Amino acid sequence: MSKLDEKLETIYNDVLKRNPGETEFHQAVLEVLESLGPVVVKNPQYLERKIIERICEPERQIIFRVPWQDDKGNVHINRGFRVEFNSSLGPYKGGLRFHPSVYLGIIKFLGFEQIFKNSLTGMPIGGGKGGSDFDPKGKSDDEVMRFCQSFMTELYRHIGEHTDVPAGDIGVGGREIGYMFGQYKRITNRWEAGVLTGKGLKWGGSLVRPDATGYGATFFINEALKVRKDSFDGKTCLVSGSGNVAIYTIEKIHQLGGKCIACSDSNGVIVDEKGLDVELIKQLKEVERRRIQDYQTYHKHAKYIASGNIWDIPCQVAMPSATQNEINGKDAMTLVKNGCLAVGEGANMPTTPEGVKVFLDAKIAYGPGKAANAGGVATSALEMQQNAQRDSWTFEDTEVKLEHIMQNIHKLCYETSEEYGAPGNYVLGANIAGFVKVADAMVAHGLV
Ligand code: NDP
Ligand code: 2IT
């Protein structure tokens with residue numbers, strides 16, 4: 001199914017050979033390379049200088065042992081990762097994921113996507129990602145703290161405000177960032193706010209950072225709907241997941257007049273035809289760390305579908321906000337058949353290549369993750385700006401900045417898609433616009 005020209009095909013085959021078994025990384029690379037054919041025709045120096053080969057090879061990959069003890073004194077060993085992928089535009093920047101499925105191939109796909117996403121934000125940030133196969137589910141606060149301390153006891157030597165700035169992702173939120181910040185401060189004897197983002201508001205965090213990915217994804221789709229002389233007003237929406245990104249996507253959709261009728265977790269789907277009660281979801285997930293099934297305890301009219309597939313529910317806007325490859329080709333066909341007009345990816349790479357093809361062929365408004373979910377990392381960069389100035393901005397000012405950033409990303413992707421003869425194809429627009437900026441910086445920096 002590859003649409004690669006001969007030179008890019010050779011590069012891709014080399015990536016496959018050098019990185020065996022890393023299927024998610026292969027998928028992320030192929031998706032970008034498929035957009036770059038016309039770019040290398042226009043700029044042959046990218047091939048001559050082997051810019052694409054260099055972009056596909058992380059600058060540095062760190063893998064380490066993370067030993068920790070549970071509350072009963074049992075010893076556990078997890079594996080920690082930090083992939084410092086590309087520092088052409090700024091210090092490595094990207095989240096940490098704690099989930100049992102984590103292995104090098106997942107961290108590399110996320111780090112690779114992050115390079116282009118961060119480029120699209122227009123902020124001075126390079127690309128990186130990290131995490132562990134640690135499963136925070138069912139662990140006590142003390143166990144999570146001990147794990148985070150052990151993780152940081154190795155990670156601290158690789159990061160810093162001018163070097164590499166981690167943040168949250170799946171399984172890593174304010175609690176984990178707090179424990180990691182505390183350990184970094186203790187080991188280094190430095191109160192270095194800019195070393196991590198997603199910090200608590202009382203100790204260097206930024207207003208709007210918790211809300212930013214979901215708000216940003218909704219702003220992006222709002223712009224895409226505007227191009228089609230449409231809006232969220234009155235639209236029935238689905239948001240998968242019920243974590244950080246899902247919660248603030250639901251909240252912003254409701255503020256813009258849409259109605260979210262379903263969300264999910266890895267166990268099942270909750271459907272509330274009256275519109276989801278986002279304050280209840282915040283209480284259940286952010287405060288009490290419970291499962292989404294418990295929504296029904298408080299709203300008897302809601303329906304819980306154990307092991308259900310959220311994409312079977314008819315909607316006009318779908319915002320996948322859980323994990324990679326959660327929408328396959330069949331799901332995409334179901335969504336389109338049921339009248340879905342727009343898909344905004346809060347999650348990273350939530351749609352399989354078959355699904356992406358369905359959305360592009362149907363010409364719906366499809367915002368790929370590296371464009372649509374860039375508001376999270378962009379607001380991390382705003383947090384870094386506030387830390388550098390020893391300042392903190394109001395919610396209103398920060399949200400306006402986020403909205404402008406998302407409008408600019410949308411415009412850049414749209415205009416690039418027009419320039420390359422495929423107006424409205426945000427996959428092409430995001431890949432090309434994100435790539436060119438990094439590639440030009442790499443050319444300027446010489447062979448490094
Ligand atoms: P959270 O840990 O807060 O929430 C994750 C949600 O997705 C949970 O509801 C979880 O359900 C569900 N989920 C996770 N893995 C799976 C899986 N394998 N199968 C089914 N459901 C799953 O993470 P975030 O909200 O932060 O992240 C969600 C997505 O957004 C990820 O793809 C992440 O990379 C992306 N993202 C996050 C950003 C951020 O700022 N946090 C920024 C940009 C993108 P359960 O509890 O059952 O596991
Ligand atoms: O995927 C992502 O962009 C994130 N998890 C957020 C990264 C960050 O540094 O804020």
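The values are calculated or read from the model by the stated rules, or taken from the named source; none is laboratory data. All values reported here derive from a predicted model rather than from experimental measurement. Using ideal geometry, Cβ is built from the backbone for each residue, glycine included, and neighbour counts are taken over all protein chains shown.
Before moving on, here are some points about what is shown:
- Qualifying positions in segment 345-369 - farther than 15 Å from Leu335 by Cβ and either more than 16 Å from ligand 1 (Cβ to nearest atom) or charged (D, E, K, R) (or both): Pro353
- Complete set of residues in segment 344-380 that are outside any helix (DSSP H, G or I), more than 16 Å from ligand 2 (Cβ to nearest atom) and touching a helix residue (DSSP H, G or I) at 6+ places or on another chain (Cβ under 6 Å): Ala365, Tyr366
- Taking first residues from segment 209-221 that are closer than 11 Å to Ile247 by Cβ and partners that are of a type in the set (Val, Ile, Thr) and within 8 Å of ligand 1 (Cβ to nearest atom), the Cβ contacts under 9 Å between residues at least 6 apart in sequence or on separate chains come to Pro210/Ile247; Asp211/Ile247; Thr213/Val245; Thr213/Val377; Gly214/Val245; Gly214/Ile247.
- Restricting attention to segment 181-198, the residues that are in contact (Cβ under 8 Å) with a residue 60 or more places away in the chain and buried (at least 22 other Cβ atoms within 10 Å of the Cβ) add up to 2.
- Scan of segment 407-448 for residues that are assigned to a loop (DSSP other than H, G, I, E, B), in contact (Cβ under 8 Å) with a residue 40 or more places away in the chain and of a type in the set (A, V, I, L, M), ordered by number: Leu447
- Candidate set: segment 110-147, residues that are part of a helix (DSSP H, G or I) and near ligand 2 (Cβ under 10 Å from one of its atoms); chosen: the one farthest from Pro67 (Cα to Cα): Thr121
- Filter pass, Ser150 being on the phi < 0 side of the Ramachandran plot, part of a helix (DSSP H, G or I) and within 16 Å of ligand 2 (Cβ to nearest atom): no
- Residues of segment 117-127 satisfying the condition of being buried (at least 24 other Cβ atoms within 10 Å of the Cβ) and either under 14 Å from Gly376 (Cα atoms) or out of contact with any Gly (no Cβ under 6 Å at 6 or more places or on another chain) (or both): Lys117, Asn118, Ser119, Leu120, Thr121, Ile125, Gly127
- Scanning segment 294-341 for residues that are in contact with a strand residue (DSSP E or B) (Cβ under 8 Å, 6 or more places away or on another chain), away from ligand 1 (no atom under 16 Å from the Cβ) and under 23 Å from Leu110 (Cβ atoms) gives a single hit, Ala332.
- Subset of segment 63-103 that is within 16 Å of ligand 2 (Cβ to nearest atom) and of a type in the set (A, V, I, L, M) - its residue that is nearest to the chain's Cα centre (by Cα): Leu96
- Among residues of segment 171-193 being within 12 Å of ligand 2 (Cβ to nearest atom) and not in a loop (DSSP other than H, G, I, E, B), the one that is nearest to Gly160 (Cα to Cα) is Ile177.
- Qualifying helices (runs of 4 or more DSSP H) (wholly inside segment 23-109; at least 1 residues being touching a residue at least 60 places away in the same chain (Cβ under 8 Å) and of a type in the set (D, E, K, R)): 23-33, 51-56
- Residue within segment 183-197 that is on the phi > 0 side of the Ramachandran plot and not aromatic (Phe, Trp, Tyr) present: yes
- Test: residue in segment 399-413 that is modelled with pLDDT of 95 or more and within 21 Å of Gln324 (Cα to Cα): no
- Residues that are aromatic (Phe, Trp, Tyr), closer than 20 Å to His76 by Cα and within 14 Å of ligand 1 (Cβ to nearest atom) within segment 94-150 comprise Phe98, Tyr103, Phe134, listed in sequence order.
- Within segment 2-22, being in a loop (DSSP other than H, G, I, E, B) and at pLDDT below 95 holds for Ser2, Lys3, Leu4, Asp5.
- Residue check, Thr197 under 23 Å from Glu84 (Cβ atoms) and within 16 Å of ligand 1 (Cβ to nearest atom): yes
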